[in-house]
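Quick notes on the structure that follows.
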């Protein structure tokens, strides 16, 4: 199967299935000398792992990561970093009843039509469990970006179903199982999820991600646009159906006098473009928002067909997230970090010697 790798200079490849023995990844292009241990990856994997609360899948996985190569005496060597995470709690029997049925909204039908064969256990390669590889690769990128350029990448849950969540502060995000930036709404979110889980249905979500201290100049002007690569990366995440950068679809109702980010010697007056102009970073905060669809695997009876094209109904039992968006924040952060590191290396390779006197005193939005 092709399509298991991404990146130009910071390259990430993944392998594994939801109910196979393990998931693993190879990160190629990380510069040498970065202090790196399994703990650096584990911290991010623990934020994503299943079974972390009653509101997500109850599959119990430690997601313990083992680094196999590319690190010597605690530092990266510049060679490929290989790592593996064993699957410990797969229950393949849960999928025996639907092995020949296609779940509506899932990749069952398209995989079957493309390859003529599919791993029906938990979705196989289409499982969102594959994202643990991205999170591990993103942990490396996050650390390098922070240490080399002072770039921080972090996100939060902005909407759960119909419930919008106001941003209060970053400290709250990792202090609750929803990655909510407003701790006051957590009881309300818990009640909503308890009712949703009891009903057997699912819901969608919105996640916002912000990269701060991104230098000006990253990205290419045409086919390697920074915003285009970010949009691709976000759309590659399971269940993502929409991506906005900056004002996004809100720019439709804006006038040019509103949307265009005016500049002063002290900085930009607004950031409707989300930190990217002409495919190149402006030095402002890079803001991205993603929309995740409702989980396709639900207990409610649904009309579908089987492998013989006969009309049947399907009910998905087993352990599934009623809302995949709850655990999506670290995944979105990881993908943004990987793309930023890739572009940082690409910029350094071609334009590291470019020095100009035209510098904004404060590139980010001024008050």
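Just so it is clear, none of the values below were taken in a lab; they were calculated from the coordinates. All values derive from a computational prediction rather than experimental measurement. Every residue, glycine as well, gets a Cβ built from its backbone with ideal geometry; the counts of neighbours run over all protein chains shown.
Given 0.36 nm per residue, what is the gain on full extension from residue 53 to residue 198 after removing their alpha carbon distance, in nm?
Net length gain for the segment: 50.7 nm.
Could you check the simple spin-label distance between residue 80 and residue 356, using points 7 Å along Cα→Cβ, in nm with one decimal?
Taking the simple label geometry, residue 80 and residue 356 are separated by 3.9 nm.
Could you line up 66, 333 from fewest to most neighbouring Cβ atoms inside 10 Å?
66, 333
Rounded, prolate or oblate: pick one for the stretch 1-97, where a ≥ b ≥ c are the square roots of the eigenvalues of its C-alpha gyration tensor, a/c under 1.5 means rounded, and failing that, prolate if a/b is larger than b/c, else oblate.
In terms of gyration-tensor shape, prolate.
Which of these, 135, 216, 276, has the largest mean-square fluctuation under a Gaussian network model of the chain (Cα springs below 10 Å)?
216
Given points 7 Å out from each Cα along the Cα-Cβ axis, report the residue 5 to residue 162 separation in nanometres with one decimal.
A separation of 4.8 nm, rounded to one decimal place.
Defining a contact as two alpha carbons under 8 Å apart and six or more residues distant in sequence, what relative contact order in percent does the chain show?
It rounds to 21 percent for the chain.
Using Cβ counts within 10 Å as a stand-in for footprinting exposure, how do 6, 249 rank, fewest first?
249, 6
Among 342, 174, 229, which one shows the biggest mean-square fluctuation in a GNM of the chain, springs joining Cα atoms closer than 10 Å?
174
Please identify, among 64, 205, 239, the residue showing maximal mean-square fluctuation in a Gaussian network model of the chain using a 10 angstrom Cα cutoff.
Of 64, 205, 239, the most mobile in the Gaussian network model is 64.
In what order do 203, 323 fall by count of nearby beta-carbon atoms within 10 Å, going from fewest to most?
203, 323
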